[in-house]
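The values are calculated or read from the model by the stated rules, or taken from the named source; none is laboratory data. This structure is a prediction, so every number in the text was calculated from the model and none was measured. Neighbour counts are summed over all protein chains in view; Cβ atoms, including those assigned to glycine, are modelled from backbone coordinates with ideal geometry.
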Amino acid sequence: MRLERRTQSSLALLLAAPVIAIVIALALSGGLIALAGVNPLDAYAAMVKGAFGSRLSISETLTRTTPLILTGLAAAVAFRARLWNIGGEGQLYAGALVAAWLGHNMAAGLPTPLAIILIMLAGMLAGALLLLGPVLLRLRLGVDEVVTTLILNFIVLLFVSMMIEGPLKDPLAFGWPQSVPVDSDVMLPKLLSRSRLHIGLIIAILAAFVIWIVQSRTVFGMETKAAGLNTRAASFAGIKLGRTLLGVACISGGMAGLAGAIEVTGLKGYVTLDLSPGYGYSGIVVAMLAALHPVGVVITALFVAIVFVGADAMSRALGVPSFIADVIVSISLLTMLVSLLFTTYRVRR
Amino acid sequence: MNRETVLELAHISKHFGKLIANDDISLTLGKGELLALLGENGAGKTTLMNVLFGHYTADGGQVSAFGEILPPGKPRAAIEAGIGMVHQHFTLAGNLTVLDNVMIGTERLGLLRSGRKQAAAKLRGLSERFGLQVEPYAFVADLSVGEKQRVEILKALYRDARILILDEPTAVLTQIEAEQLFQTLRGMTDTGLSVIFISHKLAEVMAASDRVVILRGGRTVAEKRTSDTNRAELAELMVGRRVVRPVRTDQAPGRNILSAGKVDIVEDGRKLLDGIDFTVRAGEILGIIGVSGNGQAALGQLTCGLRGADTGTLVYDGNQANGFSPRMLVTSGTGRIPEDRNTEGAIAEMAIWENAVLERIHEKRFSAYGFVNRARCRDYATELIDRFDIRGAAPDTRTGLLSGGNMQKMILGRNLAASPKLIIANQPTRGLDEGAIAAVHAELLAARKDGAAILLISEDLDEVLALSDTIQAIFKGRLSAPLSAEDADSRTVGLMMAGIWETSHAA
């Protein structure tokens, strides 16, 4: 048996790949659920019910989807240009911290919509700036950005910890390490009354479509695609590789920073160290499952959110540990990588 | 002379999707025979050899070696039957020594003692016996292309190959290296080995082979004893029609378009270009001839805008600078044909229309306010496809699916469509077959007639002699004085390529 390159990958195949990957991942995880003594079908039924069973659970799932779309976009945009940004988590916290600080101090005097827009832009800027450092290091000195962006995550978390225990600590929080709260005027409007769902979801979906258009319709999108696929041919064609990479870094870091700003102003209202249960890292899975397509990211983010929210419900109902959510998401990343391979290669005997 | 048959391919067929690569091909190889498999790119030569070696499984037919039928799709069985294959793209590990590369895969795992000593002795024996000089303990990365090929051949011989298959063995070799290779192969067949070599070069097939099998469009069109045929007949059989390379006609050159004055390019303290001077005028082709690796890459990068001169200057149509950016070159009417079409000329994963417009996407007709006008880009690609006869292509075809010749036509097309005043053509016909070469030459000569200045960088002596008005040789980063076409013959230019002018002209 060996692999042979396909001459053409059909659209049906490209669409089927993630579906097949997810089905296989669920089947494999089903084995583990069975080991825990529960019928996997019951477990998945409980999961779906937990994610979609009521108005509340649907709104919870969509609330979870929002940051995953944005961190998924951050990874998808960067990976397409062969910029290995693993720092989504840190960039998210950078955006969150800036949003909390601005949201606490700036509300007075500015009209609400303007203040919200300013906070969003500032969050994006913070995420983008955090990624610019590693990219400049790569361009100037050839430093591997996988290492620098990954390490920055821990540095940023420690910095956040310092800020919320120090200068930005909420004096009214009974000593809990959390930041000062965002003024209620600049909190994002709710999308659904009596739920936690806010307009961040709309912003995230819009961002996905804007990025899709930038990638498929603009000169910048075409040049980054070329630079990502073949640097030598791109520079022969006169594309400035450094400049395209910096542009990509701004979008990628910006999306992760926006995720943080939206979590703070849409949901939590302040920054704590458990603001993100690893959205920056899950974003990588979301992006890979979507084969780096920005619109696909919206759908795969929803899938990952269903798994996480549903697994909590399943765990309460059937006693299967909720860690199974992490297992399902991780296995689906692996199966997706394999099925992506089969979209470009076929097996020959 | 009747030879004992050592290898037989019977009724081999193989298709990829709709493409029929091999259609009922049969051939035999005799003991001690040097057989040439001749055909244009895409004729099915490489596919056939991959079937033979077990890389591909044929849809029909069978292969037998020394009377035994080989199981399909098993390279190991082919190796055990005594078949060795030397691929066009080497399969060597650069960070290992020659000896390690040769031994790899022949030793059983789990042995405590490695047989390196005996292996080295066997390798030395083989190199001496067949005149394949290489140092067993040298690192492969440090070897020249010719030496790497010797290692590939030794690898096959080390595994006791009695049938050797070489896929386009001379594609990467200089003239002299190629001649040495064929001497070596002849030496092998004299000792009873049998050799098949794949080629599309008529000269070497005529000079080296005993017998030639001609493939076209996946079928065997003829089989000839080399002594019973001639170059013209083979060319016609291979292409399926008469191919005549176009001929240059005299014309007076115009004004200076591009000149270089005392240009040095230095890398890691080594001068890649050493005080070079040249001038190309409108309506003139300046041929830079030389064995590859003498500074052509740096000269190509300099003239295509990828790097500037460290000292000295370029003057392009009156503008003086130490270098020009690709963007500036393209907008001011320069056509650039890169040395390597696969890594520099085109992005295989992108559509043809994207590659067609990539370097001029900023022009108004292709984009506005940062948005790509896809309809116009596709129309432009369609225009190129029609005008330059790019076969098997639609604007949305993935560029990597084009054959080498058609990809080169796309690159030529996107450069020539804008009627450039300067063309940098770096190895424009490398790896192309006769039909495609004639087409490229015709396009270049037509551009010259329209007044383009053409800098032709090539290692193909015939090409440079046929096209150039003026010839300069490049040797160790230095350029010879220009020689006009009337004074050029293959002997003089051959000496210049070896740097012989240095002694007579050195100050």
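A:G228 - would you say it is touching a residue at least 40 places away in the same chain (Cβ under 8 Å), facing chain B (nearest Cβ under 10 Å) and part of a helix (DSSP H, G or I)?
Taking the combined requirement at face value, the residue satisfies it.
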* Asked: Quick one: is A:T265 within 14 Å of another protein chain (Cβ to nearest Cβ) and in a helix (DSSP H, G or I)?
  -> no
* **Counted residues, segment B:119-143 - those being closer than 22 Å to B:T191 by Cα, in contact (Cβ under 8 Å) with a residue 40 or more places away in the chain and hydroxyl-bearing (S, T, Y)** => 0
* Structure fact -> The one condition A:M47 fails out of (1) away from chain B (no Cβ under 14 Å); (2) closer than 30 Å to A:L152 by Cα; (3) surrounded by 18 or more Cβ atoms within 10 Å (Cβ to Cβ) is (2)
* **Positions within segment B:82-97 being in a loop (DSSP other than H, G, I, E, B), under 20 Å from B:L185 (Cβ atoms) and touching a residue at least 24 places away in the same chain (Cβ under 8 Å), in sequence order** => B:G82, B:H87, B:Q88, B:F90, B:T91, B:L92
* Select the helices (runs of 4 or more DSSP H) contained entirely in segment B:142-218, then report the ones holding at least 2 residues which are farther than 22 Å from B:V243 by Cα and of a type in the set (G, A, S). => B:145-158, B:175-190
* Asked: Any idea which of B:A346, B:A298, B:A282 is farther than 30 Å from B:V221 by Cα and in contact with a Ser or Thr (Cβ under 8 Å, 6 or more places away or on another chain)?
  -> B:A346
* State the number of residues belonging to segment B:16-63 that are within 17 Å of B:S199 (Cα to Cα), in a loop (DSSP other than H, G, I, E, B) and either modelled with pLDDT under 90 or within 14 Å of chain A (Cβ to nearest Cβ) (or both). => 6
* Restricting the search to segment B:316-337, which residues are within 11 Å of chain A (Cβ to nearest Cβ) and not polar (S, T, N, Q)? -> B:F324, B:P326, B:R327, B:M328, B:L329, B:V330, B:R336, B:I337
* Can we say B:R270 is within 14 Å of another protein chain (Cβ to nearest Cβ), within 16 Å of B:G477 (Cβ to Cβ) and charged (D, E, K, R)? -> no
* Please find, among B:D433, B:D462, B:D469, the residue that is crowded, with 17+ Cβ neighbours inside 10 Å and under 26 Å from B:L237 (Cα atoms). => B:D433
* If you go through segment A:135-148, how many residues are farther than 16 Å from A:M255 by Cβ and surrounded by 13 or more Cβ atoms within 10 Å (Cβ to Cβ)? -> 9
* Among the residues of segment B:341-353, which ones are at the interface with chain A (Cβ under 10 Å from one of its Cβ atoms), touching a Lys or Arg at 6+ places or on another chain (Cβ under 8 Å) and not polar (S, T, N, Q)? -> B:E344, B:A348, B:E349, B:M350
* Structure fact -> Listed by first then second residue, the pairs whose first member lies in segment B:294-307 and is within 14 Å of another protein chain (Cβ to nearest Cβ), whose partner is in a helix (DSSP H, G or I) and surrounded by fewer than 22 Cβ atoms within 10 Å (Cβ to Cβ), with beta carbons under 8 Å and at least 6 positions apart or on separate chains, are B:C304/B:P326; B:G305/B:P326; B:G305/B:R327; B:G305/B:M328; B:L306/A:S235; B:L306/B:P326; B:R307/B:Q301
